[in-house]
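> Here you go, one structure.
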Amino acid sequence: MATNSNSGRTRRIGKGSLTKYKTKSGVRWRWQAYAPINPNNPAFGVKRVGSSGYRTAAEADIALREALAKIKEHKKVVSSWSIPTVEEFGKKWLAGLMLAPATLNGYDVIFRNHVVPNIGSQKINQVTSTDLAIIYKQMSASGRKDVINPGGKLSPNTVNKIHIQIGSIFQAAVDEGLIGSNPARMRRIVKAPTSTQIRASKGEIEVWDIDQLKQFLDWNRDVYDDVLYELWCVMAFTGMRRGEAVALKWKDVDFTTKVISIRRAADPVLIRQTKLTKTGKSRPVLIHDGLLELLKTLKAKRGEVHPSFVEPEAFVFGLPNGSLRSPNDISARWARAVMKAVAYMNEQNSLSNPVLPKLTLKGLRHSHATMLMKNGTNPKIVQERLGHSNINTTMDIYSHVTTTMQEEAVSNLVETWEETKTILAIDAEK
């Protein structure tokens with residue numbers, strides 16, 4: 001290795017160089033080398049690559065050696081001045097994802113609200129595992145960005161989603177040769193919430209029992225005179241997701257076999273458009289006679305408005321003009337109806353304790369599943385009606401019901417054992 005004392009430069013002939021330069025913070029070092037533009041095709045020529053900001057010549061020399069090793073192995077070498085920020089690279093990564101619009105929208109919300117504010121301005125190669133560990137801790141304590149509780153605690157589930165997205169962004173940077181390793185995958189340092197912590201944080205789901213459901217539906221029909229009464233009934237007695245319910249067409253209802261075929265869902269992001277169900281498959285749901293008659297009556301009323309509203313391709317719960325309803329709109333309308341129902345019933349009963357607790361639209365779906373399981377329905381049937389991809393999802397969500405089922409099973413076992421003892425005692429006397 002030759003040294004030029006005047007320039008402060010040490011040079012490996014034909015291999016690269018180290019250069020010393022002055023900054024306000026003191027002396028710093030940079031390395032430079034020439035690398036192929038296309039590592040797999042030397043005909044494209046070479047380009048100058050390098051990196052700066054090293055405190056010592058030794059640090060710069062190590063980085064140079066690593067770059068030269070990459071060049072020798074025909075790997076891509078990227079200059080520090082051409083390395084993008086996390087925000088720049090993340091936007092590019094998001095643009096290349098082939099996902100459903102609703103899923104992409106969720107990714108974009110996480111990226112804008114949590115990734116960009118915390119590490120967006122940093123170069124993709126500057127973020128360390130320790131940085132991420134600190135950020136996750138801060139997010140857990142005060143990372144909420146919503147208007148309801150800004151600065152509040154983020155749930156373990158949300159922190160885990162952020163961690164998964166950050167890990168995917170950095171893995172893409174690894175694959176493109178921008179960084180050597182993924183800082184989000186250093187598990188001894190970066191400790192994302194575990195599945196146990198996520199489950200524990202969710203708490204118990206809120207549901208109505210059959211009496212509370214009947215109270216609400218009777219009020220909704222007779223007092224509130226809700227045009228969406230039939231929709232709430234269908235959702236309550238089938239367990240459909242909101243998007244699946246509003247996307248239901250008359251051709252999906254078989255009045256002979258008493259089966260509703262759930263084939264599609266309304267997209268909550270793309271207005272007036274449908275998509276595949278969550279599992280990508282259609283599923284049949286058997287309905288009872290009461291619900292069947294309700295749908296027959298609704299079809300007759302819709303046909304009186306306009307014949308096109310009862311054609312096979314027409315939406316069962318379409319807007320007054322027949323077009324597809326928005327899933328977000330019916331969630332809002334459900335919330336208003338429940339709020340008014342709770343106020344009305346509490347006023348009528350003049351009780352200090354709420355007669356009817358508040359319930360989300362998703363809670364209506366949970367209520368359907370809970371009632372089935374408490375009545376002894378096989379969990380596999382519940383899974384099929386709800387459209388869960390596997391039985392584990394069903395059992396995990398409704399673990400509170402399986403505990404009750406176990407208690408009943410043990411009680412039945414005790415009764416059986418007592419009867420057996422009596423029979424054995426009688427046989428012994430004989």
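The values are calculated or read from the model by the stated rules, or taken from the named source; none is laboratory data. Note that the structure is a prediction, hence the values are computed from the model and not measured. Here the Cβ positions follow ideal geometry from the backbone for every residue, glycine too, while neighbour counts run over all protein chains shown.
> Under 27 Å from Lys202 (Cα atoms), among the aliphatic types (A, V, I, L, M) and in contact with an Asp or Glu (Cβ under 8 Å, 6 or more places away or on another chain): is that true of Val116 in this structure?
Taking the combined requirement at face value, the residue satisfies it.
> All but one of (1) under 32 Å from the mean Cα position of the chain (by Cα); (2) without any contact (Cβ under 8 Å) to a residue 12 or more places away in the chain hold for Arg241; which doesn't?
(2)
> Let me ask you something else. Please determine, by comparing only the residues of region 240-259 that are outside any loop (DSSP other than H, G, I, E, B) and touching a helix residue (DSSP H, G or I) at 6+ places or on another chain (Cβ under 8 Å), which one is farthest from Arg272 (Cα to Cα).
Val253
> While we're on this one: When you scan region 110-126, do you find a residue that is over 20 Å from the mean Cα position of the chain (by Cα), farther than 30 Å from Pro39 by Cβ and assigned to a helix (DSSP H, G or I), even just one?
yes
> Then there is this: For region 51-89, give me each residue that is closer than 30 Å to Phe111 by Cα and among the β-branched types (Val, Ile, Thr).
Val77, Val78, Ile83, Thr85, Val86 - these are the residues of region 51-89 that are closer than 30 Å to Phe111 by Cα and among the β-branched types (Val, Ile, Thr).
> For region 143-155, indicate whether the set of residues that are buried (at least 17 other Cβ atoms within 10 Å of the Cβ), farther than 20 Å from Lys70 by Cα, modelled with pLDDT of 90 or more and in contact with a helix residue (DSSP H, G or I) (Cβ under 9 Å, 6 or more places away or on another chain) is non-empty.
Yes.
> Considering each of Ala369, Ala332 in turn, give the residue that is under 27 Å from the mean Cα position of the chain (by Cα), among the small types (Gly, Ala, Ser), assigned by TED's automatic domain parsing to the domain that holds Glu230 and closer than 19 Å to Phe237 by Cα.
Of Ala369, Ala332, the one residue that is under 27 Å from the mean Cα position of the chain (by Cα), among the small types (Gly, Ala, Ser), assigned by TED's automatic domain parsing to the domain that holds Glu230 and closer than 19 Å to Phe237 by Cα is Ala369.
> Among the residues of region 370-400, which ones are among the hydroxyl-bearing types (Ser, Thr, Tyr), outside any helix (DSSP H, G or I) and crowded, with 18+ Cβ neighbours inside 10 Å?
Tyr398
> Ok, one more. Output the residue which, of all residues in region 23-37 that are part of a strand (DSSP E or B) and among the small types (Gly, Ala, Ser), is surrounded by the most Cβ atoms within 10 Å (Cβ to Cβ).
Ala33
> While we're here: Return the residues of region 262-275 that are part of a loop (DSSP other than H, G, I, E, B) and under 12 Å from Ala102 (Cα atoms); say none if nothing qualifies.
Correct list: Asp267, Pro268, Val269, Leu270, Ile271, Gln273.
> Restricting attention to region 38-86, which residues are among the acidic types (Asp, Glu) and in a loop (DSSP other than H, G, I, E, B)?
Glu73, the sole residue that qualifies.
> When you scan region 187-199, how many residues do you find that are over 30 Å from Tyr398 (Cβ atoms) and within 23 Å of the chain's Cα centre (by Cα)?
So the answer is 2.
> Within the set of pairs 6+ apart or on separate chains, which have a first residue in region 132-146 that is in contact (Cβ under 8 Å) with a residue 60 or more places away in the chain, a second that is surrounded by fewer than 16 Cβ atoms within 10 Å (Cβ to Cβ) and assigned to a helix (DSSP H, G or I), and C-beta atoms under 9 Å apart?
none
> Further, regarding this structure: Out of Met345, Met339, I need the residue that is outside any loop (DSSP other than H, G, I, E, B), surrounded by fewer than 19 Cβ atoms within 10 Å (Cβ to Cβ), modelled with pLDDT of 90 or more and not polar (S, T, N, Q). Which one?
Met339
> Assuming Lys91 fulfils every condition listed in (1) closer than 23 Å to Arg199 by Cβ; (2) outside any loop (DSSP other than H, G, I, E, B) apart from one, which condition is it?
Lys91 satisfies all of (1) closer than 23 Å to Arg199 by Cβ; (2) outside any loop (DSSP other than H, G, I, E, B) except (1).
> Does any residue of region 48-66 turn out to be in contact with a helix residue (DSSP H, G or I) (Cβ under 8 Å, 6 or more places away or on another chain), surrounded by 14 or more Cβ atoms within 10 Å (Cβ to Cβ), at pLDDT 90 or above and among the β-branched types (Val, Ile, Thr)?
no
> Next question. Output the qualifying pairs, or none if there are none: Cβ atoms under 8 angstrom, residues six or more apart or on different chains, first residue in region 209-224 and farther than 18 Å from His368 by Cβ, second residue among the aliphatic types (A, V, I, L, M) and in a helix (DSSP H, G or I).
Short answer, once both residue conditions are applied: Trp219/Ala341; Trp219/Met345; Tyr224/Ala337; Tyr224/Ala341.
> A further question follows. Of the residues Gly322, Gly363, only one is modelled with pLDDT of 85 or more, in contact with an Asp or Glu (Cβ under 6 Å, 6 or more places away or on another chain) and in the same structural domain as Gly303 (by TED's automatic domain parsing); which?
Checking each option against the conditions leaves just Gly363.
> Determine the pairs where a residue that is within 18 Å of Gly120 (Cβ to Cβ), located within region 68-93, has a partner that is aromatic (Phe, Trp, Tyr) with Cβ atoms under 6 Å apart, the partner being 6 or more residues away or on another chain.
That search, which allows pairs on different chains as well, returns Gly90/Phe111.
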